[in-house]
Amino acid sequence: MREIILKTKAAKLVKKGSPLLNQEDLAKPLEAKEGECVRVCDEKKEFLGMAYVGFQHKGIGWVYSKKDGEKLTPQFIQGLFQKAAQKRSSLMMDESTTAFRLFNGEGDGLGGITIDWYDGFVVVSWYSAGIYQWKELIVDQLQEAIPSIQGIYEKIRYASKEKLPESQFVRGVKANEPLIVQEEGVRYATYLDEGLMTGIFLDQREVRTLLRDDYSAGKTILNLFSYTGAFSVAAAMGGAIQTTSVDVANRSLEKTREQFEVNGIDAAEQKIYVMDVFDYIKYAAKKSLTFDTIVLDPPSFARTKKRTFSVAKDYAGLVEQLVPLTAKNGNLILSTNAANVSEKQFLEMIHKGLRSSGRRYRLAHQKKLPMDFPVAPHTPLSDYLKVVFVEMDFS
Ligand code: SAH
């Protein structure tokens with residue numbers, strides 16, 4: 001079996017439980033091929049773990065076992081899936097929540113693959129050609145571990161040489177289009193075979209629920225970068241008087257309407273703008289519009305015809321512009337999935353944006369990834385989600 005020799009610093013991290021292997025950590029050039037299982041050792045040849053090689057956007061492979069010689073056998077993979085399902089047994093039994101993450105890569109013991117559960121169907125995301133080589137074995141074991149799976153879809157999240165489609169049906173029966181899933185009784189229309197996205201970001205489940213339960217009743221809501229309007233729908237189901245959703249993508253209008261309608265809410269009574277968020281903010285400021293609860297959940301980076309946006313560069317400024325649009329005693333739900341921005345940096349940006357207004361405020365709640373998105377030790381980039389609930393004019 002071939003070996004990977006790590007430099008001292010990287011070896012220490014792997015010893016502590018970090019599963020990610022990086023190109024710059026290698027003490028010797030890599031000989032192993034994509035998909036190959038290798039022994040990981042330090043420069044003194046001490047064994048550190050078993051890994052497979054897979055080239056991702058970040059990293060060249062993942063440690064998956066501390067047992068010398070352990071390969072990616074059916075039994076090993078089966079064990080991972082059993083454990084992952086057990087960990088989520090309360091979610092699996094919860095009839096009012098039918099979509100969640102079933103397997104979260106390295107957080108569940110094997111990096112480079114995630115599996116999401118959509119009411120009996122699963123979506124497997126592959127992050128490298130290395131892990132994709134194990135597809136048949138993995139999919140077989142998945143079905144064996146969870147016999148109730150009705151159908152399997154896949155997303156190819158790397159540049160495949162054979163130009164695989166980014167989304168396709170794999171086996172079993174096909175899901176309805178849309179497939180209606182629920183989160184604590186709120187319904188969402190999802191499409192399991194439309195590009196890389198399904199219509200809902202499952203990592204925000206707890207944020208949607210807290211918005212619905214504590215920040216919506218009797219309130220007006222502004223949802224910026226709204227995508228399919230999932231936050232707006234949660235708010236409307238929580239008794240919001242009116243929601244306003246803003247997203248620049250044309251598809252967002254129809255998708256957002258559909259999300260309301262599958263919950264029996266008249267979409268015509270909600271506002272949905274296909275518009276650049278920055279232009280909308282200008283418009284709202286000019287009209288002196290205010291909202292009781294504002295949700296800000298932008299992509300980490302975005303390029304529109306007019307401008308490039310990045311959380312690191314633009315978040316504080318956006319928050320600052322939103323304060324005048326926040327009604328007295330209103331709330332801001334500030335979210336980012338930018339892995340390159342730490343929690344500390346994010347809080348600094350928020351304070352910077354809020355401070356200049358002179359209004360008092362408090363940070364009422366902070367949310368991170370929910371329990372179905374576990375993170376491996378010393379892997380900060382995987383712990384990307386940061387959400388802060390701000391209550392304005394708090395005294
Ligand atoms: N908050 C959403 C997810 C946002 S995904 C949710 O929880 O479901 C990011 C969205 O930002 C995309 O739908 C994209 O179309 C939109 N977007 C990117 N740049 C934008 C801009 N400048 N103005 C408005 N929308 C933008």
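The values are calculated or read from the model by the stated rules, or taken from the named source; none is laboratory data. These numbers were taken from a predicted model, which means no experiment stands behind them. We place every Cβ from the backbone using ideal geometry, glycine too, and count neighbours over all the protein chains shown. Side chains are part of the model used for accessible areas, which takes the heavy atoms of the whole protein and leaves out ligands, DNA and RNA. Shrake-Rupley method; radii C 1.70, N 1.55, O 1.52, S 1.80 Å.
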When the charge dipole of the chain is computed with +1 on Lys and Arg Cβ and -1 on Asp and Glu Cβ about the Cα centre, the Cα farthest towards its positive end, among GLY35, LEU72, ASN337, belongs to ASN337
Output ³J(HN,Hα) for region 102-115: one whole-Hz value per residue in order, computed from phi by the Karplus curve 6.51 cos²θ - 1.76 cosθ + 1.60 with θ = phi - 60°, and x for Gly and Pro.
8, 8, 10, x, 4, x, 10, x, 9, x, x, 8, 10, 9
Any lysines whose Cα falls less than 21 Å from that of LYS286, other than same-chain ones fewer than 8 residues away, would be LYS271, LYS306, LYS328
Using the per-residue mean of other Cβ atoms lying within 10 Å as a proxy for protection, in what order, highest first, do the peptides 204-211, 354-361, 7-14 fall?
204-211, 7-14, 354-361
What percentage of the solvent-accessible surface of the chain, computed with a 1.4 Å probe over protein heavy atoms, is contributed by carbon and sulfur atoms?
50
Spatially proximal aspartates and glutamates relative to LYS12 (Cα-Cα < 20 Å; intrachain offsets below 8 disregarded):
GLU3, GLU24, ASP25, ASP42, GLU43, GLU46, ASP68, GLU106
Antiparallel as a % of all DSSP beta bridges within region 194-313, to the nearest 5?
20
Please report, in whole Å, how far the alpha carbons of region 116-167 spread along each principal axis, starting with the longest.
33, 20, 13
Using the alpha-carbon atoms, what tilt in degrees (0 to 90, nearest 10) does helix 135-145 show relative to the longest principal axis of the chain?
70
Write down the percent of antiparallel bridges among all DSSP beta bridges whose residues are both part of the chain, to the nearest 5.
65
Obtain the radius of gyration and the Kirkwood radius of region 138-238 from its C-alpha atoms and give Rg over Rh.
1.06
Please work out how much length the chain gains when fully extended from GLU162 to HIS378, using 0.36 nm per residue of separation minus the C-alpha to C-alpha distance, in nm with one decimal.
74.4 nm
Taking the Cα centre of region 1-141 as origin and charging only Cβ (+1 Lys, Arg; -1 Asp, Glu), how large is the dipole, in debye to the nearest 20?
620
Using Cα atoms only, what is the angle between the long axis of helix 277-286 and the major principal axis of the chain, expressed in degrees (0 to 90) to the nearest 10?
20
How far, in nm, would the chain grow between LEU347 and MET275 when pulled straight, counting 0.36 nm per residue and subtracting the alpha carbon separation?
23.2 nm
Note on region 88-136: the mean projected area of its alpha-carbon convex hull, in nm², is 3.6
Could you list, in their original order, any pairs among LYS305/LYS344; LYS33/LYS344; LYS28/LYS58; LYS83/LYS344; LYS163/LYS313; LYS7/LYS155 whose Cα atoms are separated by more than 29 Å?
LYS305/LYS344; LYS33/LYS344; LYS83/LYS344; LYS163/LYS313; LYS7/LYS155
Determine, from the Cβ-Cβ distance of THR304 and GLU194 and an R0 of 30 Å, the FRET efficiency 1/(1 + (r/R0)^6), rounded to the nearest 0.05.
0.90
Residues whose built amide H sits under 5 Å from the amide H of LEU385, excluding neighbours closer than 5 in sequence, are LEU369
DSSP-defined beta bridges in region 241-395 - what % are antiparallel, rounded to 5:
60
What's the whole-number percent of alpha carbon pairs in the chain lying beyond 31 angstrom?
42
LEU289 versus VAL170, label points 7 Å from Cα toward the beta carbon: distance in nm?
4.2
Rounded to the nearest 20 debye, dipole of the chain from Cβ charges on Lys, Arg, Asp, Glu
1380
Can you give the direction-averaged projected area of the convex hull of the alpha-carbon atoms in region 250-314, in nm²?
5.8
On a C-alpha basis, how far is the centre of region 344-369 from the centre of region 287-331 in Å? Whole number, if you could?
13
What's the angle, to the nearest 10 degrees (0 to 90), between helix 74-87's Cα axis and the longest principal axis of the chain?
30
Mean-position separation - Cα centroids, region 168-183 and region 68-109, in angstrom
20
How far apart, in nanometres, would the label points at ALA27 and LYS45 be if each is projected 7 angstrom from Cα along the Cα-to-Cβ direction?
1.1
